[in-house]
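Here the structure comes first, spelled out in structure tokens, and everything after it is commentary.
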Protein chains: 2
Amino acid sequence: MKRTSFEGADCPVARSLDSIGDWWSLLIVRDVLAGKRRFGELQKGLGMARNILAARLRKLVERGILEQVPASDGSAFSEYVPTERGRKLFPVLVALRQWGLDHYFRRGEPYRELVDRKKGKPLARIEVRAADGRALQPEDTVFVTPA
Amino acid sequence: MKRTSFEGADCPVARSLDSIGDWWSLLIVRDVLAGKRRFGELQKGLGMARNILAARLRKLVERGILEQVPASDGSAFSEYVPTERGRKLFPVLVALRQWGLDHYFRRGEPYRELVDRKKGKPLARIEVRAADGRALQPEDTVFVTPA
DNA sequence: TTTATTGGTTTCATTTTGAAACCATGTTTG
DNA sequence: CAAACATGGTTTCAAAATGAAACCAATAAA
């Protein structure tokens with residue numbers, strides 16, 4: 001009767017969700033990728049219960065998405081930093097951001113835009129493409145069993 | 001003490017998660033985008049409790065991600081089909097799939113690959129890019145308040 | 001006409017969540 | 001140095017979500 005786990009699922013999407021498919025994890029990763037590092041900073045920013053944050057951080061560390069390291073400011077506290085695996089979630093976050101902005105913000109509604117630091121311009125749209133660059137819709141794809 | 005809602009969050013990622021940020025919703029959307037339509041088909045495929053599936057479908061319809069329509073086969077049953085909004089989740093799913101495959105499948109472990117239907121070749125990698133096409137890492141981006 | 005299937009809802013036990021209190025360090029201030 | 005405060009949690013407990021199974025009404029098949 002436990003909450004079903006997708007850890008051994010044969011679908012990569014399901015396995016991903018097993019690590020980050022709950023209500024808070026992606027928001028934590030979002031904040032860490034945006035530079036937040038400390039427990040309290042995350043807790044205040046997200047407005048979430050401390051015990052839940054502690055549990056999520058533990059799991060994210062366990063799954064190799066974050067790493068807990070001694071604080072960079074010399075203090076005896078520790079910090080949570082993204083691993084390479086965590087950084088690779090960036091496209092997922094940007095895709096979710098673009099989708100949410102398109103579908104759940106009214107035009108004119110204020111929001112903070114994520115831009116290319118160098119040029120200050122909005123990011124390109126995230127798209128699914130074929131190897132040759134053609135944009136693909138769901139129907140343009142099929143599953144196959146690799147050789 | 002209610003489960004916190006991200007519906008009115010100022011962050012687009014959070015609003016997205018309010019619609020699809022639970023354990024099952026994205027898997028349901030994945031299956032519907034892959035062509036599954038009927039309640040029982042989804043339930044059996046996902047192996048999830050019927051009441052939870054019913055609740056999720058209700059919410060996905062409410063949020064405009066799926067639509068409940070009379071069955072196409074002439075029977076009196078109904079079907080769940082993706083809306084345009086639901087179809088637009090495709091990049092999110094593909095990004096999650098690529099990430100999960102990269103990080104939670106051992107090499108050689110069997111999986112089904114999603115390929116370009118026309119050429120039968122694997123999809124291009126999903127990447128975050130600037131307007132001019134440069135690939136961007138998290139540190140290459142900043143938040144700004146649009147004018 | 002009986003039987004089976006489909007698409008749910010209801011019920012109930014188990015888990016998870018969230019708020020608040022608590023606590024052990026570590027850090028700053030007087 | 002001592003007292004006060006901040007930090008990073010853990011514990012406790014009530015409310016809410018989840019999951020398994022039983023149930024049920026409407027179809028569809030035999």
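For A:ARG3 and A:ALA71, FRET efficiency with R0 = 35 Å and r from the beta-carbon atoms, rounded to 0.05? Intermediate results must be reported in sequence, preceding the final value.
Values: r = 33 Å, r/R0 = 0.95.
Efficiency computed from Cβ-Cβ geometry: 0.60.
Quick one: compute the contact order of segment A:84-147, relative version, from alpha carbon pairs under 8 angstrom and 6+ residues apart, as a percent. Display every interim value, and only then the final one.
Values: 21 pairs, mean separation 13.0, N = 64.
Relative contact order, segment A:84-147: 20 percent.
Which entries in the list A:LYS119/B:LYS88; A:LYS121/B:LYS36; A:LYS118/B:LYS121; B:LYS88/B:LYS121; A:LYS59/B:LYS44; B:LYS88/B:LYS118 go over 31 Å, if you measure between the two C-alpha atoms of each? Walk me through the numbers on the way to the answer.
Details: A:LYS119/B:LYS88 27 Å; A:LYS121/B:LYS36 39 Å; A:LYS118/B:LYS121 34 Å; B:LYS88/B:LYS121 22 Å; A:LYS59/B:LYS44 29 Å; B:LYS88/B:LYS118 20 Å.
Flagged as over cut-off: A:LYS121/B:LYS36; A:LYS118/B:LYS121.
How large is the charge dipole for the protein assembly as shown, taken about the Cα centre, if only the Cβ atoms of Lys, Arg (+1) and Asp, Glu (-1) carry charge, to the nearest 20 debye? Mind dumping the intermediate values first?
Values: 54 positive and 38 negative charges, 27 e Å.
In debye, rounded to 20, the protein assembly as shown gives about 120.
When only Cα pairs under 8 Å and 6 or more residues apart are kept, what is the percent relative contact order across chain B? Could the numbers behind the result be given before it?
On the way: 104 pairs, mean separation 20.3, N = 147.
Computed over chain B, the figure is 14 percent.
Considering all alpha-carbon pairs of segment A:34-100, what whole percent are spaced by more than 14 angstrom?
Details: 1420 of 2211 pairs.
Value for segment A:34-100: 64 percent of Cα pairs lie more than 14 Å apart.
Report, to the nearest 10°, how far helix A:50-62 tilts away from the longest principal axis of the Cα atoms in chain A, using its own Cα long axis and a range of 0 to 90°.
60
Could you state the per residue volume, in Å³, of the convex hull enclosing the Cα atoms of segment B:62-103?
Details: hull volume 4.0 nm³, N = 42.
Expressed per residue, the convex hull around the Cα atoms of segment B:62-103 is 95 Å³.
I need the trypsin sites (Lys or Arg not before Pro) found in segment B:73-123, filtered to DSSP loop residues with at most 16 other beta carbons within 10 Å of theirs.
Details: sites: B:ARG85, B:ARG87, B:LYS88, B:ARG97, B:ARG106, B:ARG107, B:ARG112, B:ARG117, B:LYS118, B:LYS119; in loops: B:LYS88, B:ARG106, B:ARG107, B:ARG112, B:ARG117, B:LYS118, B:LYS119.
Those satisfying the criteria are B:ARG106, B:ARG107, B:ARG112, B:ARG117, B:LYS118, B:LYS119.
Using C-alpha positions alone, give me the convex hull volume of segment A:1-140 per residue in cubic angstrom.
Values: hull volume 27.3 nm³, N = 140.
Roughly 195 Å³ of hull volume per residue.
Would you work out which of A:LEU57, B:GLY74, A:VAL13 lies farthest towards the positive end of the dipole of the protein assembly as shown? Charges go on Cβ: Lys and Arg +1, Asp and Glu -1.
A:LEU57
Taking only C-alpha pairs under 8 Å that are 6+ residues apart, what is the relative contact order of segment B:1-80 in percent? It would help to have the intermediate numbers written out before the result.
On the way: 55 pairs, mean separation 17.8, N = 80.
About 22 percent, as a whole number.
Compute the angle between helix A:90-104 and the longest alpha-carbon principal axis of chain A, please, reported from 0 to 90 degrees and rounded to the nearest 10.
70
Taken together, the values in this text are just the output of simple stated rules run on the coordinates, not laboratory data. Keep in mind it's a predicted model, so treat the numbers as computed, not measured. Note: ideal-geometry Cβ built from the backbone for every residue, glycine included; neighbour counts use all protein chains shown.
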